[in-house]
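Coordinate-derived values only; no laboratory data. Just so you know, these numbers come straight off a predicted model, no measurement behind them. Here the Cβ is made from the backbone with ideal geometry for all residues, glycine too, and neighbour counts use every protein chain on show.
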């Protein structure tokens, strides 16, 4: 019952959807690899056991859970993590290290309620970490993937600006107006596009895909600025456009590799 309640929360559902989509795309887009059925099975099992462990760990942090039930959940979560790490070792040591660090960070967020209260941070971590893990497992690692780290950091800041810009009431202690926050969100999107463009020119990445990512980002800014509901503080459209633009930039960069 508790797990069903947790899965019924929108932030958890969004995080799971992002994790599944990022994993599938990372496997499909991994360069110079042809994943076997065994590779797919191991990746899916690792994802299932890792997700289950995080959910059980989050449930164990609930205040209304008695000590015995909390202990049982933590033991099962630990066993699931151990099994996931053992499966990771059948790939590479690098993928095991990436998975271990990633699940530790997510567990720390769950302990502090971050999975529920700071959805954008959890999603950014997933988008940046999943390709690292999958490509390391499939031995398709390339150093250009490191660009996902600053892109994820900018995405968190940009998302925060747009949330402040579309808040129903302005933050009393904020030094910026809602209009300034909106401009900050646009600057974050355009800055991410510029980073991808410059990185494409300086590396062996496909400049065509980097350019498509930049054009999509510019289109996202224009769409957010001219959307009918963009001026309504209660509208969810600005947030959706910003999130899609940032995800598009990251996806185009991965494809360019």
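Odds and ends about this structure:
- Extended-chain gain in nm, criterion 0.36 nm per residue less alpha-carbon gap, residue 157 and residue 222: 21.5 nm
- For the pair segment 131-156 / segment 77-111, the C-alpha centres are spaced 17 Å from each other.
- Panel order for 51, 104, by other beta carbons found within 10 Å of each beta carbon, from fewest to most: 104, 51.
- Relative exposure of 80, 162, judged by other C-beta atoms within 10 Å (fewest first): 80, 162
- With the simple spin-label model, which puts each label point 7 Å out from Cα in the Cβ direction, the residue 67 to residue 143 separation comes to 5.3 nm.
- Under the simplified labelling scheme, the residue 48-residue 104 pair shows an inter-label distance of 2.7 nm, with each label point 7 Å from Cα along Cα→Cβ.
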